[in-house]
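K.L.:
Here it is, the structure, as structure tokens.
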Amino acid sequence: MPYINYDKQEIAFKIVYFGPGMSGKTTNLIKIHEILDPQKCSEMVVLDTEEERTLFFDFLPFDLGSICGFSVRFNMYTVPGQVQYEASRKLILDGADGVVFVADSHPSKREENLLSYQMMTENFVSHGFDPVTYPLVLQFNKRDLDQVMNISEMNASLNKGGHKTFEAVALKGQGVIETIKEVSKQIVTRFEI
Amino acid sequence: MQVHHNAKEALDKLVNDSECITALLISREGVSIEESGNTGYLNTTALAALIAGMFTATREVARMVGEEHFSILLQQGTNRHIHISLINETVMMVIIFEDYQRIGKVRYEAKKASEVIANIMQPEPEASVEKLNVAGFREYALNLIDRIFDKPQG
């Protein structure tokens with residue numbers, strides 16, 4: 001359920017980028033900020049630590065425009081990927097209207113991907129999200145690495161729900177817009193008051 | 001007793017009486033609901049997201065030590081300070097001020113404004129909920145998403 005302010009005629013949807021540490025969640029937001037019309041994206045808030053790891057969350061607001069007299073915005077957040085920040089992830093997922101799961105395609109990241117995916121689905125249950133109908137898109141990132149897992153293997157491991165997937169090289173902006181577009185459409189399609 | 005017609009009026013009065021720089025109402029979702037005072041120096045969208053995150057994290061800390069929540073957060077800087085208080089379960093009030101000697105006045109005015117705003121903030125009436133045509137909204141939004149996200153791809 002998005003945030004709706006009838007007095008100010010505003011609707012804000014919340015999109016959360018989930019995934020293991022260093023899988024490219026913040027990079028997705030940075031590229032969205034670079035690629036899209038700068039007038040539609042406000043300043044991005046990045047809370048990286050010195051090791052370029054997100055400590056709490058990153059935040060990027062994107063103004064979709066005026067619809068039926070309402071000013072509509074997508075607020076995009078990343079969660080910290082490291083296992084020890086489970087409390088932060090749970091807080092950030094609260095009230096999310098849709099999620100992008102960013103997986104790392106390198107074979108050495110198989111277990112980390114799976115662990116993060118399991119933590120995400122456990123969080124879905126605790127927040128009362130229906131994992132079948134909830135807006136969720138999977139992004140298989142870093143497809144330009146020398147060694148990558150094949151797509152069918154990643155699907156078998158992470159996508160038992162048959163959600164829409166995209167291959168990406170987020171650092172180069174590839175697959176980033178396709179991913180945010182798909183999750184946005186799923187969110188709007190499911191929108192109810 | 002003065003009657004406030006809306007939350008903005010109450011915030012304006014708070015800014016005037018406490019002599020703070022800025023006052024905002026922020027939703028639990030991290031959205032700025034109302035703003036008063038000088039906001040030109042401030043990215044209120046980002047601030048709202050960060051404050052909401054901070055407050056939610058603090059609530060979890062409160063629970064860890066056996067409290068339901070901490071109703072007031074105070075951040076003291078060198079020149080500017082932030083006073084954050086809970087209005088209700090979903091709204092918080094942020095006051096930015098400069099003279100720390102005025103903290104007593106800020107707290108006093110914040111408490112008065114909180115009570116007024118809590119009374120004003122009622123659930124949306126049924127009539128206003130019906131103002132939005134959901135089917136029309138969905139169709140227009142999907143078209144807009146296509147137009148916006150297809151554009152940078154050439």
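K.L.:
If you fit an axis through the alpha-carbon atoms of helix B:44-64 and take the longest principal axis of the Cα set of chain B, what angle between them do you get, 0 to 90°, nearest 10?
P.N.:
In chain B, helix B:44-64 runs at an angle near 60 degrees to the longest axis.
K.L.:
If you don't mind, there's one more thing I want to ask. Using the crude model of +1 on Lys and Arg Cβ and -1 on Asp and Glu Cβ, and no other charge, please compute the dipole size for region B:1-103 relative to its Cα centre, in debye to 20.
P.N.:
140
K.L.:
According to a simple spin-label model (label point 7 Å from Cα along Cα-to-Cβ), what is the distance in nm between A:Tyr6 and B:Ile120?
P.N.:
About 1.7 nm, to one decimal.
K.L.:
Then there is this: Amide H of A:Ser71: which non-local residues (sequence gap of 5 or more, or other chain) have their own amide H closer than 5 Å, using H built in the peptide plane?
P.N.:
When sequence neighbours closer than 5 places are left aside, the close amide H contacts are A:Glu10, A:Ile11.
K.L.:
Could you work out, residue by residue across B:140-147, how many beta carbons of other chains sit within 10 Å of that residue's beta carbon, and then give the average as an integer?
P.N.:
6
K.L.:
Write down the Kirkwood hydrodynamic radius of chain A, to one decimal in angstroms, obtained as one divided by the mean of 1/r over all alpha carbon pairs.
P.N.:
Radius from the Kirkwood sum: 16.8 Å.
K.L.:
HN-Hα J couplings of region A:182-193 from phi, Karplus 6.51/-1.76/1.60, θ = phi - 60°, integer Hz, Gly and Pro as x?
P.N.:
After applying 6.51 cos²θ - 1.76 cosθ + 1.60, I find 5, 5, 4, 5, 4, 5, 5, 4, 8, 4, 9, 9 Hz.
K.L.:
Ok, one more. Once region B:7-124 is represented by equal point scatterers at the alpha-carbon sites, with solvent omitted, what log10 I(q)/I(0) does the Debye formula produce at q = 0.15, 0.23 Å⁻¹?
P.N.:
-0.62, -1.45
K.L.:
Given 20 °C and 1.002 mPa s, how large is the Stokes-Einstein diffusion coefficient of the protein assembly as shown in µm²/s, with Rh as the Kirkwood radius over Cα pairs?
P.N.:
The Stokes-Einstein estimate is 100 µm²/s.
K.L.:
Using the basic label-point model (7 angstrom from Cα toward the beta carbon), what is the B:Asp146 to A:Leu145 distance in nanometres?
P.N.:
The two pseudo-label positions are separated by 3.6 nm.
K.L.:
Residue by residue through region A:95-111, what is 3J(HN,Hα) from phi via Karplus (6.51 cos²θ - 1.76 cosθ + 1.60, θ = phi - 60°)? Round to whole Hz and write x for glycine and proline.
P.N.:
With the stated coefficients, region A:95-111 comes to x, 5, 8, x, 9, 10, 9, 9, 9, 8, 7, 5, x, 5, 9, 3, 5 Hz.
K.L.:
Equivalent ellipsoid semi-axes for region A:104-160, as square roots of 5 times the alpha carbon gyration tensor eigenvalues: give them largest first, rounded to whole Å.
P.N.:
Semi-axes from the Cα gyration tensor: 24, 11, 9 Å.
K.L.:
Give me the count of lysine pairs in region A:40-193 whose alpha carbons sit under 18 angstrom apart, restricted to pairs 8 or more positions apart or on different chains.
P.N.:
8
K.L.:
Continuing with this model, one more query. Using a Gaussian network model of chain A with C-alpha springs under 10 Å, which one of A:Gln174, A:Gln118, A:Gln82 is most mobile by mean-square fluctuation?
P.N.:
A:Gln118
K.L.:
Continuing with the same structure: For region A:137-193, which GluC sites (Glu not before Pro) are in a loop by DSSP, counting at most 16 other Cβ atoms within 10 Å?
P.N.:
A:Glu192
K.L.:
A follow-up question, please. Taking Cα pairs under 8 Å and at least six residues apart, what relative contact order does chain B come out at, in percent?
P.N.:
Relative contact order for chain B comes out at 23 percent.
K.L.:
Quick query: amide H of B:Leu42 versus all other amide H atoms, modeled in the peptide plane; which residues come in under 5 Å with a sequence gap of 5 or more or a different chain?
P.N.:
none
K.L.:
Could you list the chymotrypsin sites (Phe, Trp or Tyr not before Pro) in region B:1-93 that lie in coil according to DSSP, counting only those with at most 13 other Cβ atoms within 10 Å of their Cβ?
P.N.:
Passing both the DSSP loop test and the Cβ count: B:Tyr41.
K.L.:
List the residues of region A:78-95 that lose 50 Å² or more of accessible area once all protein chains are present, compared with their chain alone (1.4 Å probe, heavy atoms only, no ligands or nucleic acids).
P.N.:
The answer is A:Leu91 - residues whose exposure falls by at least 50 Å² when every protein chain is included.
K.L.:
As a test of the definition: with a 1.4 Å probe, what buried accessible area, both sides summed, do you compute for B against A, in Å² to the nearest 100?
P.N.:
Summing both chains' loss of accessible area gives about 3600 Å².
K.L.:
Just give the residues from region A:147-193 buried by at least 30 square angstrom of accessible area in the all-chains context relative to the isolated chain, probe 1.4 Å, and say none if nothing qualifies.
P.N.:
A:Ile177, A:Lys181, A:Lys185, A:Val188, A:Thr189, A:Phe191, A:Ile193
K.L.:
Work out from phi, with θ = phi - 60° and the Karplus expression 6.51 cos²θ - 1.76 cosθ + 1.60, the ³J(HN,Hα) of each residue of region A:26-38, listed in order in whole Hz, and give x for Gly and Pro.
P.N.:
5, 4, 4, 5, 4, 5, 4, 4, 6, 7, 6, 3, x
K.L.:
Here's another thing I want to ask about it. Given a 1.4 Å probe and every protein chain left where it sits, what share in percent of the accessible area of region A:1-94 is carbon and sulfur?
P.N.:
49
K.L.:
Placing +1 at every Lys and Arg Cβ and -1 at every Asp and Glu Cβ, with all other atoms neutral, what dipole size does the protein assembly as shown have around its Cα centre, in debye to the nearest 20?
P.N.:
180
K.L.:
Hey, can you grab everything whose amide H is under 5 Å from the amide H of A:Gly98? Only 5+ residues off in sequence or another chain; H modelled, so Pro and N-termini drop out.
P.N.:
For A:Gly98, whose amide H was placed from the backbone, the distant partners under 5 Å are A:Lys14, A:Val16.
K.L.:
Under a 1.4 Å probe, what is the accessible area of region A:76-118 per residue, stated in Å²?
P.N.:
So region A:76-118 comes to 35 Å² accessible per residue, rounded to a whole number.
The values are calculated or read from the model by the stated rules, or taken from the named source; none is laboratory data. Owing to the predicted nature of the structure, the values given are computational and were not obtained by experimental measurement. Because the Cβ atoms are built from the backbone with ideal geometry, glycine has one as well, and the counts that use them run over all protein chains shown. Please note that ligands, DNA and RNA were not included when accessible areas were found on the heavy atoms of the full protein model with its side chains. Shrake-Rupley method; radii C 1.70, N 1.55, O 1.52, S 1.80 Å.
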